[in-house]
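Here's the structure we're looking at; comments come further down.
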Amino acid sequence: MPGGIVTGHSHHGSVLLADRCPLCHRPGGAPCAECRELFSPLGRLPPPPGLAALFAAVAYDDASRPLVTALKYRRQRAATSWMADAMVAVLPPGRPDLVTWAPTSAARRRERGFDQAELLARAVSRRMGVPPRRLLRRGRGESQTGRGAHERRTQITPFRPAGRCVGASVLLVDDVVTTGSTLEAAAAALGGCGVARVVGLVAAATPAPRGSAQPVAFRP
Ligand SMILES: [Zn+2]
């Protein structure tokens, strides 16, 4: 099998494992072509309040959920790379000033050793030739332990600016959008410190009714 996966005994097990599909665990790509066939491609979606537009690579469903979970809990370089390609592919032409992300909580970042939204954002930024910039932090106290469930639910502003906001037009990356409340809160924090235009880009989204089909651009 020319160009195929090298099989047989090898001491480079980690290299081979990197090419295994995180969904079906067979060699042949991460994810492999057969698993990719099961994904439902998305594209432009109705944006949450505060965002000019929202784009998603695939539907968040039974087919894609294991991949999204793999990105979240294990550092999956090949899968992150594939997903970043798929995310950039659904964007319209044009470039924002910066790429940023909706950061995970400090506690989760410590627990997992990385922030999957940041990894996706940096991979997307490389593909677009647009600089990545940390513009947001989780709100103060969010990472404290021992908070009650009610208190967590009623916390309404989990993001604050990470410092001086720069860039009029920002691409905001996250792994999954379901209700849109996380992206809405992140966009509000960006808008509050002077970012004029926020476009959302996520790996996966729960399917929503199609919005208007107007073309979108990073600049009005
Ligand atoms: Zn597979």
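Just so you know, all these numbers are worked out from the coordinates, no wet-lab data involved. Predicted model only: the values in this text are computed from it and were never measured. No Cβ is skipped: glycine too gets one built from the backbone with ideal geometry, and neighbour counts run over all protein chains shown.
Taking 0.36 nm per residue of separation and subtracting the Cα-Cα distance, full extension of the segment from Ser181 to Arg108 would add 24.4 nm.
For Gly29, the amide hydrogen comes within under 5 Å of the amide hydrogens of Cys21, counting only partners 5 or more places away or on other chains and with H modelled in the peptide plane. Skipping prolines and chain starts, which residues have an amide H placed within reach, meaning under 5 Å, of the one on Phe159, given they are 5 or more residues away or on another chain? Result for Phe159 returns Gly139. Exposure proxy ranking for Leu135, Leu45, based on other Cβ atoms within 10 angstrom of each Cβ and starting from the fewest, stands as Leu45, Leu135.
Order the peptides 161-167, 179-185, 98-104 from the highest to the lowest mean number of other Cβ atoms within 10 Å of their residues. Kindly include the intermediate steps, with their values, before the conclusion.
Values: 161-167: 15.0, 179-185: 18.1, 98-104: 24.4.
So the order, starting with the most tightly packed, is 98-104, 179-185, 161-167.
Taking region 40-205, how much of its Cα-Cα pair set, in percent, is spaced more than 26 angstrom apart? Write out the running numbers ahead of the final one.
Values: 3059 of 13695 pairs.
Counting pairs separated by more than 26 Å, the tail of P(r) holds 22 percent.
Phi angles across region 51-62 convert, under the Karplus curve 6.51 cos²θ - 1.76 cosθ + 1.60 with θ = phi - 60°, into 3J(HN,Hα) values of 9, 6, 6, 9, 10, 9, 6, 9, 5, 8, 9, 4 Hz, Gly and Pro given as x.
What is the list of residues in region 55-89 whose amide nitrogen lies under 16 Å from a point 7 angstrom out from the Cα of Leu38, following Cα to Cβ? Correct set: 58-71.
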